[in-house]
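A.B. asks: Before I ask anything, let me first share the structure, which is written out below as C-alpha cells.
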Amino acid sequence: MIPLTPREWLVYTFILTYFRRHGLAPSNREIAAHLGKQPGAGIAHTLHELEAKGLITLPYGKASRALALVRGVRVGVEMP
C-alpha cells in the first residue's frame, strides 16, 4: 500500500471521482477550487508527489487535463 498525506489523499480521490463522473481529468484550477485554494505551485507540487508515488502520470508541456491514472494501486493515508 502506498502511503499518502491527507492533502495527497484529497487530491487523488477528487481526481478519481472527477474521472468517473466526466470521463476526463480535472484541470489544476478545478482541483484547486475543490480544495478551496488558488491554483499554483501547491497543486503542481501535490500532483508531482502523486506522480512520484506512481499513482498518476503527468503530461509534458502545458496540456490541460492530460494527467492519467495508474490502475491497480492501493493507497492509504499517513496519520501523524
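The values are calculated or read from the model by the stated rules, or taken from the named source; none is laboratory data. A quick note: this is a predicted structure, and the numbers were derived from the prediction, not measured. In this analysis, Cβ positions are derived from the backbone assuming ideal geometry, glycine residues included, and neighbour counts consider all displayed protein chains. These area figures cover heavy atoms from the full protein model, side chains too; ligands, DNA and RNA do not enter into them. Shrake-Rupley method; radii C 1.70, N 1.55, O 1.52, S 1.80 Å.
A.B. asks: Round to the nearest 0.05 the FRET efficiency obtained for residue 65 and residue 2 when R0 = 22 Å and r is the Cβ-Cβ distance.
C.D. replies: Once the sixth-power term is evaluated, E becomes 0.40.
A.B. asks: Let me ask something additional. Out of every Cα-Cα pair in region 1-65, what percent are more than 20 Å apart? If you can, show how the numbers build up before the last one.
C.D. replies: Working: 395 of 2080 pairs.
Percentage above 20 Å: 19.
A.B. asks: Between residue 33 and residue 21, with labels modelled 7 Å along Cα→Cβ, what's the label distance in nm to one decimal, could you check?
C.D. replies: Spacing of the two 7 Å Cα→Cβ label points: 1.1 nm.
A.B. asks: Quick check for you: with a 1.4 Å probe and neighbouring chains kept, what is the accessible area per residue of region 1-73, in Å²?
C.D. replies: Values: 4580 Å² over 73 residues.
Per residue, region 1-73 has an accessible area of 63 Å².
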